[in-house]
Amino acid sequence: MPAVITLGELLIDFVSTRAGVSLEEAPAFEKAAGGAPANVAVGTARLGVTSAFLGKVGEDAFGRFLARTLKENGVDISGLCFSREARTMLAFVSLQASGERDFEFYRSPSADILYTPEEVHTALLQQARVFHFGSISLISEPSRSATLYAVETARQAGALISYDPNLRLNLWADEHAAREGIRLGWPLAHVIKVSEEELAFLSGMEDITQGAQALWHPELKLLVVTRGKDGCAYFTPDFNGEIPGFPVHAVDTTGAGDGFVAGMLAGLSEQLLASLDQTRLHEILRFANAVGALTTTRRGAIPALPRRQEVEAFLAQAG
Ligand code: ADP
């Protein structure tokens, strides 16, 4: 029975073999498994917490590669569907000299978009302690309805609902559609993780505390704002605080946010939020910061996600 279930996009990232160039100039691409919710499922499994992934890929070589990658990493894929109508979503990615990522998505439509409410593995979902989703599956129908159905089912079964909006502006029609779409998931979540940039975009405010207050909702128990190398800030109905990051030699920040979420959900799946005091929350978020930091020390997302032993050794050394 999986403790953590994630739902959303599972795709191939074709990453330019040469860094510092645009997609136009990229000479070749290396294939890697991608998709934030899938990274979170692998991340939690690596930390020794059982996980499952719900979503849809194409009945093609890339879909089979992704299914195998999740399975080899210990993720339950009994709720993963295969489409004969559409192919697996692809993204081409290059890290430009400016540090900005150049992205092009192939999904018109891709299999992940065709995931329907009827395909959601309801019985599995009803067993989860934590349910986590993102905003990419909220962009188009029918995956939007499938996502909202899954959130509602998990909520009714008493799961903790976690949301990472993960803004990808070029997948939405425009900024207005992105704000509106992301807000669909917002009031349904007990735990939300956003980056500093996402909070500013959604709230229209640069100040983190003001932004967090503006976006607060009555059912929210924990809002975490990640701040890259500076760690994170958190807000709860009873207390707020900041947890500094860990100095590491970062080589690729891909997947840092997903690693952070995996670390946080691993902790929250073991302890109910209602019984969480500030000391324990600090421990959990410090652990999440360590997972995020370690993820930046290796290339890629899934290959970079650390195991529990590595995180514990890192924390012990950091003192
Ligand atoms: P996202 O990847 O979602 O944009 P962040 O860049 O804020 O999110 O990173 C998520 C978390 O990963 C941070 O809160 C921090 O704990 C860790 N992290 C990210 N970048 C670094 C870095 N350069 N050095 C140390 N830790 C980092």
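The values are calculated or read from the model by the stated rules, or taken from the named source; none is laboratory data. The shown structure was predicted, so the numbers you read here are calculated from the model rather than taken from an experiment. For neighbour counting, all protein chains shown are included, and Cβ atoms are generated from backbone atoms with ideal geometry for every residue, glycine included. The accessibility values were calculated without ligands, DNA or RNA, using every heavy atom of the protein model including side chains. Shrake-Rupley method; radii C 1.70, N 1.55, O 1.52, S 1.80 Å.
Our estimate of slack between Arg307 and Glu141, defined as 0.36 nm per intervening residue step minus the Cα-Cα distance, is 56.2 nm. For the range 35-174, taking Cα atoms only, Rg and Dmax work out to 15.1, 48 Å respectively.
Under the rule a/c < 1.5 gives rounded, and otherwise a/b versus b/c splits prolate from oblate, where does the range 143-190 land using the Cα gyration tensor? Walk me through the intermediate numbers first.
Values: a/c = 2.86, a/b = 2.16, b/c = 1.33.
In terms of gyration-tensor shape, prolate.
For a paramagnetic label modelled on Leu23 (point 7 Å from Cα along Cα→Cβ), amide N atoms under 13 Å away belong, within the range 89-128, to 90-96, 101-108. Calculated FRET efficiency, Arg64 to Glu85, Cβ-Cβ distance, R0 = 25 Å: about 0.90 to the nearest 0.05.
Any number yet on Rg/Rh for the range 94-138, C-alpha, Kirkwood?
Numbers: Rg = 16.2 Å, Rh = 13.9 Å.
Result for the range 94-138 is an Rg/Rh of 1.16.
Restriction of the trypsin sites (Lys or Arg not before Pro) in the range 60-94 to DSSP coil positions whose beta-carbon has at most 11 other beta-carbons within 10 angstrom yields Arg84.
Entry note, the chain: the mean residue ellipticity at 222 nm calculated from DSSP H runs of n ≥ 4, each adding -39500 (n - 2.57), is -10500 deg cm²/dmol after division by the residues and rounding to the nearest 500.
Hey, can you find the accessible area per residue of the range 81-190 for me, probe 1.4 Å, expressed in square angstrom?
Working: 5020 Å² over 110 residues.
Each residue of the range 81-190 exposes 46 Å² on average to a 1.4 Å probe.
Over all distinct Cα pairs, what is the inverse of the mean 1/r for the chain, reported as the Kirkwood hydrodynamic radius in Å?
Numbers: mean 1/r = 0.0514 Å⁻¹.
About 19.5 Å for the chain.
Remark: the range 24-32, residue by residue, has Karplus-estimated 3J(HN,Hα) of 4, 8, 4, x, 6, 10, 9, 8, 9 Hz, where x stands for each Gly or Pro and the curve is 6.51 cos²θ - 1.76 cosθ + 1.60 at θ = phi - 60°. Using a simple spin-label model with pseudo-atoms 7 Å out from Cα toward Cβ, Glu30 and Glu219 lie 4.2 nm apart. Non-local lysine pairs in the range 4-318, meaning eight or more places apart or on different chains, with alpha-carbon distances under 29 Å, amount to 10. Each 5 Å bin from zero holds the following percent of Cα-Cα pairs in the range 205-319: 2, 12, 22, 23, 20, 12, 7, 2. Taking amide H atoms as placed 1.01 Å from N in the peptide plane, the amide H of Lys221 lies under 5 Å from those of Val191, each 5 or more residues away in sequence or on another chain.
Would you mind estimating how fast the range 98-212 diffuses translationally, via Stokes-Einstein at 10 °C and 1.306 mPa s with the Kirkwood radius over Cα pairs, in µm²/s?
For the chosen part, D equals 104 µm²/s.
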